[in-house]
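Down below is the structure, laid out as structure tokens.
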Amino acid sequence: MSQQDWTRVDEYISAALISKDESQQATLAANARENLPAIDVSPPQGKLLQLLASAIGARRILEIGTLGGYSTIWLARAVGDGGKVVTFEVDPRHAEVAQANIAREGVSARVDLRVGPALDMLPLLESERPEPFDLAFIDADKPSNAAYFAYALKLTRPGALIIVDNVVREGAVADPSQTDGGALGARALFEAVAEEKRVEATAVQTVGAKGWDGFLIARVK
Ligand code: SAH
Ligand code: DHB
Ligand code: MG
């Protein structure tokens, strides 16, 4: 099995189950044109996020790590009219590209894009005493994952889902010889979640166009 096989199957899944209207080709083209890193969730993963959000009837979603807004737009489709995705992005250039993509997809009214380091901006969001969020998607700098998880827990309602991207990292999470920020961040997250009595959680490994990785999914009790 190789990356080529995983990519081919992702393309098969996308061709079979993700319509042209859903696929956001213009978003991905704009991101490539603007030289954003191609680290958006894959199309099947984006649709999974939308399905999970729809399944719990999410109307309010917190996202950390916008990039070009690809995952944001999948989530914004799920919240429906009157719903809201609050999303944080540290890089103003990424945010600018995202804002244009979000506008082109017609979901600007549902997206509150905030530019700055998420750990500086989350206390501000908290101080606004926002209505609790139904779902949080964490997909920014990996060393901060445990800290983001703690904020997500504070800001969500019982029954909410907290989803964290990139927790497997080609197996690095379970390889003690790997000590880069991503691996350490993933392990710190697993430890924090394991000790947290207010959630029930699992993680699933994934292969696909984005290689071997995985999501952690926690449900707030
Ligand atoms: N969720 C996006 C991909 C996000 S990539 C998608 O699937 O389409 C990770 C993003 O997190 C990058 O754009 C990066 O600039 C941003 N980021 C990194 N550190 C951050 C921080 N401290 N605060 C907010 N965003 C951050
Ligand atoms: C990276 C970040 C991501 O969010 C992702 O899905 C893949 C890779 C990265 O920083 O390399
Ligand atoms: Mg990611």
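Checking ALA78 against (1) within 17 Å of ALA160 (Cα to Cα); (2) within 16 Å of ligand 3 (Cβ to nearest atom); (3) not hydroxyl-bearing (Ser, Thr, Tyr), which test does it fail?
(2)
Can you pull out the residues in region 164-174 that are out of contact with any helix residue (DSSP H, G or I) (no Cβ under 7 Å at 6 or more places or on another chain) and either over 15 Å from LYS210 (Cβ atoms) or within 14 Å of ligand 2 (Cβ to nearest atom) (or both)?
Result: ASP165, VAL168, GLU170, ALA174.
Residue-by-condition table, conditions (1) touching a residue at least 40 places away in the same chain (Cβ under 8 Å); (2) among the small types (Gly, Ala, Ser); (3) part of a loop (DSSP other than H, G, I, E, B); (4) on the phi < 0 side of the Ramachandran plot:
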| site | (1), (2), (3), (4) |
| --- | --- |
| GLU63 | yes, no, no, yes |
| LEU75 | yes, no, no, yes |
| ARG93 | yes, no, no, yes |
| ASN101 | yes, no, no, yes |
| ALA109 | no, yes, no, yes |
| LEU124 | no, no, no, yes |
| ARG129 | no, no, yes, no |
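So which of LEU161, LEU153 is away from ligand 2 (no atom under 16 Å from the Cβ), in a helix (DSSP H, G or I) and touching a strand residue (DSSP E or B) at 6+ places or on another chain (Cβ under 8 Å)?
LEU153
Go through (1) in contact with a Leu (Cβ under 7 Å, 6 or more places away or on another chain); (2) within 16 Å of ligand 3 (Cβ to nearest atom) for LEU155 and report which single condition fails.
(2)
Of all residues in region 43-59, how many are more than 8 Å from ligand 1 (Cβ to nearest atom), surrounded by 23 or more Cβ atoms within 10 Å (Cβ to Cβ) and not aliphatic (A, V, I, L, M)?
1
Would you call SER71 at pLDDT 95 or above, surrounded by fewer than 17 Cβ atoms within 10 Å (Cβ to Cβ) and part of a helix (DSSP H, G or I)?
no
Looking at ILE56, ILE61, can you tell me which residue is under 22 Å from PRO130 (Cβ atoms), more than 15 Å from ligand 3 (Cβ to nearest atom) and more than 11 Å from the chain's Cα centre (by Cα)?
Testing whether each residue is under 22 Å from PRO130 (Cβ atoms), more than 15 Å from ligand 3 (Cβ to nearest atom) and more than 11 Å from the chain's Cα centre (by Cα) leaves just ILE56.
Would you check which residues across region 24-42 are free of Cβ contacts under 8 Å to residues at least 60 places away in the same chain and in contact with a helix residue (DSSP H, G or I) (Cβ under 6 Å, 6 or more places away or on another chain) and list them?
Scanning region 24-42 gives a single hit, ASP40.
Read through the list (1) among the charged types (D, E, K, R); (2) within 12 Å of ligand 1 (Cβ to nearest atom); (3) more than 24 Å from PRO44 (Cβ to Cβ), then give the number of the only condition that GLU128 fails.
Failed condition: (2).
In region 191-201, which residue that is touching a helix residue (DSSP H, G or I) at 6+ places or on another chain (Cβ under 7 Å), hydrophobic (A, V, I, L, M, F, W, C) and surrounded by fewer than 22 Cβ atoms within 10 Å (Cβ to Cβ) is nearest to ALA147 (Cα to Cα)?
Among those that are touching a helix residue (DSSP H, G or I) at 6+ places or on another chain (Cβ under 7 Å), hydrophobic (A, V, I, L, M, F, W, C) and surrounded by fewer than 22 Cβ atoms within 10 Å (Cβ to Cβ), it is ALA192.
The values are calculated or read from the model by the stated rules, or taken from the named source; none is laboratory data. Please read all numbers here as calculations on a predicted model, not as lab measurements. As a convention, Cβ positions derive from the backbone with ideal geometry for all residues, glycine included, and neighbour counts pool all protein chains shown.
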